């Protein structure tokens, strides 16, 4: 008899037990909630705000309309940015306040053309919201996701 062959019937048998219905329900619910949260984090609803992505044109518009500039530093991968776009920028009250007081500039920090602006304002995290005079001098800023009431306070404090 060759010892390399296992002819013994003493091998342990694997008994597969059906999991309890609670755990099946738990994991199915966990999967559904996880997928919903992932969608929610990366979904950004459309809004009616006119964004520009060029600082020079934003400065000209700001001077001609006697407004300040808001620079919103974001990234395509930034879920707090998308949540802010959905919860803050899509709000009618916020849109009205923005239209009255500021020129909106959205900067993708991963865009090679925006690196000078990212360096100029020392951006290390997204979202970062900066309010500036048309000259470029900073009036106010916030690093991280800003809620609607804080954002409206920031806009209303602009002169």
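The values are calculated or read from the model by the stated rules, or taken from the named source; none is laboratory data. If you're wondering where the values come from, they're calculated on a predicted model, not measured in any experiment. Here the Cβ positions follow ideal geometry from the backbone for every residue, glycine too, while neighbour counts run over all protein chains shown.
Output the number of residues of the range 142-153 satisfying the condition of being in contact with a strand residue (DSSP E or B) (Cβ under 9 Å, 6 or more places away or on another chain) and more than 13 Å from residue 89 (Cβ to Cβ).
At the first step, the residues of the range 142-153 found to be in contact with a strand residue (DSSP E or B) (Cβ under 9 Å, 6 or more places away or on another chain) are 142-144, 146, 150-151.
From what is left, the residues that are more than 13 Å from residue 89 (Cβ to Cβ) are 142-144, 150.
Count: 4.
Being assigned to a helix (DSSP H, G or I) and modelled with pLDDT of 85 or more narrows it down to one residue among 72, 22; which is it?
Answer to the check: 22.
Would you call residue 125 free of Cβ contacts under 8 Å to residues at least 24 places away in the same chain, under 16 Å from the mean Cα position of the chain (by Cα) and loosely packed, with under 13 Cβ neighbours inside 10 Å? Write out each step before concluding.
Values: free of Cβ contacts under 8 Å to residues at least 24 places away in the same chain: yes; under 16 Å from the mean Cα position of the chain (by Cα): yes; loosely packed, with under 13 Cβ neighbours inside 10 Å: yes.
Yes.
Those residues that are part of a helix (DSSP H, G or I) and modelled with pLDDT under 85, I need them from the range 36-59; list them, please. Before the answer, list the steps.
First pass over the range 36-59, keeping only residues part of a helix (DSSP H, G or I): 36-42, 55-59.
Within the range 36-59, 36, 37, 38, 39, 40, 41, 42 meet the criteria.
Looking at residue 90, is it out of contact with any helix residue (DSSP H, G or I) (no Cβ under 8 Å at 6 or more places or on another chain) and either crowded, with 22+ Cβ neighbours inside 10 Å or modelled with pLDDT of 95 or more (or both)? Reasoning before the result, please.
Details: out of contact with any helix residue (DSSP H, G or I) (no Cβ under 8 Å at 6 or more places or on another chain): yes; either crowded, with 22+ Cβ neighbours inside 10 Å or modelled with pLDDT of 95 or more (or both): no.
No.
Among 144, 75, which is under 30 Å from residue 36 (Cβ atoms), loosely packed, with under 13 Cβ neighbours inside 10 Å and touching a residue at least 24 places away in the same chain (Cβ under 8 Å)? Let's see the steps before the verdict.
Numbers: 75 fails: loosely packed, with under 13 Cβ neighbours inside 10 Å.
Going through 144, 75 in turn, the sole match is 144.
Which of (1) in a strand (DSSP E or B); (2) more than 21 Å from residue 75 (Cβ to Cβ); (3) without any contact (Cβ under 8 Å) to a residue 60 or more places away in the chain does residue 97 not meet, given it meets every other one?
All conditions pass for residue 97, except number (1).
Can you give me the number of residues within the range 100-110 that are in contact (Cβ under 8 Å) with a residue 40 or more places away in the chain and either over 22 Å from residue 60 (Cβ atoms) or not in a strand (DSSP E or B) (or both)? Even if it seems obvious, please write down each step before you answer.
We begin by selecting, within the range 100-110, every residue in contact (Cβ under 8 Å) with a residue 40 or more places away in the chain; these are 101-108.
After this cut, where a residue has to be either over 22 Å from residue 60 (Cβ atoms) or not in a strand (DSSP E or B) (or both) as well, the list is 101.
So the count comes out to 1.
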